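**Student:** Can you keep this structure in mind? I'll have questions shortly.
Values quoted throughout were computed directly from the atomic coordinates according to the rules given, and no laboratory measurement underlies them. Quick caveat: nothing in here was measured; it's all calculated off a predicted structure. Using ideal geometry, Cβ is built from the backbone for each residue, glycine included, and neighbour counts are taken over all protein chains shown.
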Amino acid sequence: MLQRLSISNYALIDNLEISFDKGLNILTGETGAGKSIILGALSLILGQRAESRYFFNQQKKCVIEGLFHIGSFHIKAFFEENDLDYEAETVLRREISADGKSRAFVNDTPVTLNILRDLGEMLIDIHSQHATREINDPKFQLLIVDGVAKHDDLLTQYHDAFKNHKKAVAKLQQLIGESDKAKADLDYHQFQFDELDNAHLSADEQELLEQELYALNNAEEIKRSLFAAYHLMNEGELAALIQLREAGHHLSTLEKFNPLIGELNHRLNSAVIELKDIAAEIDNIEQRTLIDEARTLEINERLSVIYNLQKKHRVSTIAELLEIQQTLSDKIAQVLFGDEEIEALQQQIKNEQALLQQLAQQLSANRTKAIPGIQTNVQQSLAEMGMEHASLKIENAVAQPADFDQNGIDHIRFLFSANKGHALAEMSKVASGGELSRLMLAIKSLIASHTALPTIIFDEIDTGVSGEVANKVGQVMEKLSANLQVITITHLPQIAGKGKSHYFVYKDNETATTYTRIKQLNPDERVLEIAKMLSGDNPGQSALQNARELLGAGS
């Protein structure tokens, strides 16, 4: 239930705080005093859109805060799903800055407006005099039947299964489209794949071939230089090795004179051995370096194949060509084996359809069973509110099990007649505003008895009724408030007298600026206020006595 509502800097309200009671809470006041402004502020912490032009002071931010007692309602899972701290007394707060930026909080944790709105829908149901048109909405009518049928778990299971089914159908359509396109492109892809596959590409082939070709193209220069190097090292009178051997011979004759010379000679011999190996390797490379025109032609032809493939596929490496080859292989496999995936998904969809048909039939059976009770209950409530000849009939056009939609196979339609002997028809065509208000009150009372709704707010739902009918409407509201908190804005004394708590909304014009104020009336103030509602600003003794009687009836 809503325990406390604080409003700061909104419309005609600078600062206002209201503490509500359990049961039936009555708000009264002159037209334009600010009753709807209070509801407008409340709607902000229920996730509705905010506009800074409604600020009392454009230089300050607007803050709306509501304290809700939710300990007896099973909504802890919502807090866990949204990573919010659960408290038995939960605070919803909305802050709107002067530049229009908005922030929302649940127990001081920042949340999105969607989360605030979802939570708000669990805590409060606001019904205004203009909301009776929703009763003509087939979705709302189905919601009423489902609420009374009490099959939330089954309904959730069906909705989840239907959502998965729609995804599977969409996936199947995608796969079929891809398969059809792949089949149309199969010959082209197969040709491209065969061309790459027949090339027998390897990742490092291009680099090795280009290195070998470079050597072949420069073989003559390589042989000439190698031969010259070998000649300088090992042939001719001035060859390096001949000179070094001669130097070693001279050093060997001096070893007996100085041990250090022996060490140097040993090092020189080691160098001569290393240089002989180098010269031999140079000679070997020179001998193996051939001017091979046939091999050059062969490499050029192979590289030409590689280059043409790279140009065709707009890549620069063999690795990229191999990736393309694998992609083409996958596309070909999709054509060859894709039908298996499609067949598996088709079987899955068939199984899902069977489950949905079964669930839809269970939902339909529950709804059909609930409909007579709804009709009877609503008609009884209407009779209590002076519409003893009113009749409600709920038609259910049940489709074939295979023709299920997001709600099952049921197509609910409410037909109504307010008067004896008149044909049933859609409510918007046969009911007046006052009759629709009473019908909606009867339906809301029924829903409240079957679902956990912490607070319900009626904004002048009593429009179009008066006298004894108003008294009976008040009795229905009083009965409804035994199970949940009810807050109602009314201009009718018969309804105001039923309230457990009575709040008076008024304009304060004592200063240069008009303010909206609210106060909870004590018993004497309630008598006077209801007497004014009966006869005007200066009620006589008869009006005061009548007010006491109304309050006595409501106490």
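**Student:** Can you tell me what the convex hull of the Cα atoms of the stretch 150-366 projects to on average, as an area in nm²?
**Tutor:** Working: hull surface 102.9 nm².
Average of the hull's projected areas for the stretch 150-366 equals 25.7 nm².
**Student:** Take the stretch 393-508, compute every pairwise Cα distance, and split them into 5 Å bins from 0; I just need the percent in each bin.
**Tutor:** Computed distribution, short to long bins: 2, 10, 17, 17, 16, 15, 10, 6, 4, 2, 1, 0, 0.
**Student:** Collect residues whose amide H, placed 1.01 Å from N in the peptide plane, falls under 5 Å from the amide H of Gln3; neighbours closer than 5 in sequence don't count.
**Tutor:** It is Leu67, Phe68, His69, by chain and number.
**Student:** While we're looking at this one, here's another question. Which whole-Hz ³J(HN,Hα) couplings does the stretch 297-313 yield from phi under the Karplus relation 6.51 cos²θ - 1.76 cosθ + 1.60, θ = phi - 60°, glycine and proline marked x?
**Tutor:** 4, 4, 5, 4, 5, 5, 5, 4, 4, 5, 5, 5, 5, 5, 5, 4, 9
**Student:** Ordered by residue, what ³J(HN,Hα) values in Hz, to whole numbers, does the stretch 156-172 give under the Karplus form 6.51 cos²θ - 1.76 cosθ + 1.60, where θ = phi - 60° and Gly and Pro are x?
**Tutor:** Coupling constants for the stretch 156-172: 5, 4, 5, 4, 5, 5, 5, 4, 5, 5, 4, 5, 5, 5, 5, 5, 4 Hz.
**Student:** Return the subset of Lys444/Lys472; Lys163/Lys331; Lys60/Lys101; Lys369/Lys429; Lys150/Lys369 for which the Cα-Cα distance in this structure is over 18 Å, preserving the input order.
**Tutor:** As for pairs spanning more than 18 Å Cα to Cα, those are Lys163/Lys331; Lys369/Lys429.
**Student:** Right, another one. In the stretch 270-314, whose amide N lies under 13 Å from the spot 7 Å out along Cα-to-Cβ of His200? List them in ranges.
**Tutor:** Zone members listed by number: 302.
**Student:** What residues have an amide H closer than 5 Å to that of His127, excluding those fewer than 5 places away on the same chain, when H is modeled at 1.01 Å from N in the peptide plane?
**Tutor:** When sequence neighbours closer than 5 places are left aside, the close amide H contacts are Ile457, Phe458, Asp459.
**Student:** Round to a whole angstrom and tell me the spacing of the C-alpha centers of the stretch 408-480 and the stretch 502-536.
**Tutor:** After rounding, the separation between the Cα centres reads 29 Å.
**Student:** Continuing with this model, one more query. Scan the stretch 366-399 for GluC sites (Glu not before Pro) in coil per DSSP, keeping those whose Cβ has at most 16 other Cβ atoms within 10 Å, and list them by number.
**Tutor:** Working: sites: Glu384, Glu388, Glu395; in loops: Glu388.
Within the stretch 366-399, the qualifying GluC sites (Glu not before Pro) (loop, at most 16 other Cβ atoms within 10 Å) are Glu388.
**Student:** Can I ask one more? Report the extension gain between Asp187 and Glu17 in nm, rounded to one decimal, defined as 0.36 nm multiplied by the number of residues separating them, less their alpha carbon distance.
**Tutor:** 53.5 nm
**Student:** What is the magnitude of the charge dipole of the chain about its Cα centre, with +1 placed on the Cβ of each Lys and Arg, -1 on the Cβ of each Asp and Glu, and no other charges, expressed in debye to the nearest 20? Could the numbers behind the result be given before it?
**Tutor:** Working: 54 positive and 80 negative charges, 821 e Å.
Computed charge dipole of the chain: roughly 3940 debye.
**Student:** Give the calculated FRET efficiency between Gln361 and Phe337 to the nearest 0.05, with a Förster radius of 56 Å applied to their Cβ-Cβ distance.
**Tutor:** Values: r = 37 Å, r/R0 = 0.67.
According to the calculation, E is roughly 0.90.
**Student:** How much length, in nm to one decimal, is gained on full extension between Lys507 and Gln520, taken as 0.36 nm per residue of separation minus their Cα-Cα distance?
**Tutor:** Working: separation 13, 0.36 × 13 = 4.68 nm, distance 1.47 nm.
Contour length minus the Cα-Cα distance gives 3.2 nm.
**Student:** Gain in length, Asp403 to Ala319, computed as 0.36 nm per residue apart minus the alpha-carbon separation, to one decimal in nm?
**Tutor:** On the way: separation 84, 0.36 × 84 = 30.24 nm, distance 5.31 nm.
Difference between extended and current length: 24.9 nm.
**Student:** Something else now. If I model a spin label at Gln545 and Ala239 as a point 7 Å from the Cα along the Cα→Cβ vector, what separation in nanometres do I get?
**Tutor:** Once both label points are built, they end up 15.0 nm from each other.
**Student:** If you don't mind, there's one more thing I want to ask. Out of (1) 1.12; (2) 1.90; (3) 0.98, which label holds the value of Cα Rg over 2.2 N^0.38 Å that was computed here?
**Tutor:** (2)
**Student:** Along the stretch 280-287, what does the Karplus equation 6.51 cos²θ - 1.76 cosθ + 1.60 (θ = phi - 60°) give for ³J(HN,Hα), rounded to whole Hz, x for Gly and Pro?
**Tutor:** Each residue's phi maps through the Karplus curve to give 5, 5, 4, 5, 5, 4, 5, 5 Hz.
**Student:** Rounding to the nearest 10 and keeping the result within 0 to 90°, find how far the Cα-based axis of helix 467-480 lies from the longest principal axis of the chain.
**Tutor:** 40 degrees
**Student:** Another question, then. Once you keep just the Cα pairs under 8 angstrom separated by 6 or more residues, what percentage relative contact order results for the stretch 371-415? Provide the component values of the computation, followed by the final result.
**Tutor:** On the way: 44 pairs, mean separation 14.5, N = 45.
So the answer I get is 32 percent.
**Student:** May I pose another question? For the Cα atoms of the chain, what angle does the longest principal axis make with the long axis of helix 433-450, in degrees from 0 to 90, nearest 10?
**Tutor:** Relative to the chain, helix 433-450 is tipped by roughly 60 degrees.
**Student:** Which FRET efficiency, nearest 0.05, do Lys256 and Asn284 yield, Cβ-Cβ r, R0 45 Å?
**Tutor:** Working: r = 39 Å, r/R0 = 0.87.
For Lys256 and Asn284, the calculated efficiency is 0.70.
**Student:** What percent antiparallel are the DSSP beta bridges of the stretch 433-529, to the nearest 5?
**Tutor:** Details: 6 of 11 bridges.
Restricted to the stretch 433-529, the bridges split so that about 55 percent are antiparallel.
**Student:** Distance between Cα centroids, the stretch 160-193 to the stretch 28-92: provide it in whole Å.
**Tutor:** Comparing the Cα centres of the stretch 160-193 and the stretch 28-92, I get a distance of 49 Å.
**Student:** Per residue, what volume in Å³ does the Cα convex hull of the stretch 337-456 take up? Could the numbers behind the result be given before it?
**Tutor:** Working: hull volume 18.3 nm³, N = 120.
So the per-residue hull volume is 153 Å³.
**Student:** Would you please name the chymotrypsin sites (Phe, Trp or Tyr not before Pro) within the stretch 220-278 that are DSSP coil residues with at most 15 other C-beta atoms within 10 Å of their C-beta?
**Tutor:** Values: sites: Phe227, Tyr230, Phe257; in loops: Phe257.
Qualifying residues, ordered by number: Phe257.
**Student:** Take every DSSP beta bridge whose two residues both sit in the chain, then give the antiparallel share in percent to the nearest 5.
**Tutor:** Values: 42 of 60 bridges.
Antiparallel bridges make up about 70 percent of those DSSP assigns within the chain.
**Student:** Tell me which trypsin sites (Lys or Arg not before Pro) from the stretch 105-207 have a DSSP coil assignment and no more than 13 other beta carbons within 10 Å of their own. List each step's numbers first, then the result.
**Tutor:** On the way: sites: Arg117, Arg133, Lys139, Lys150, Lys163, Lys166, Lys167, Lys171, Lys181, Lys183; in loops: Lys150.
Loop-located and lightly packed - Lys150.
**Student:** So, one more: Remind me, relative contact order of the stretch 150-366 in percent, using alpha carbon pairs under 8 angstrom and six or more residues apart? Don't jump to the answer; show the numbers that get you there.
**Tutor:** Working: 136 pairs, mean separation 88.4, N = 217.
It rounds to 41 percent for the stretch 150-366.
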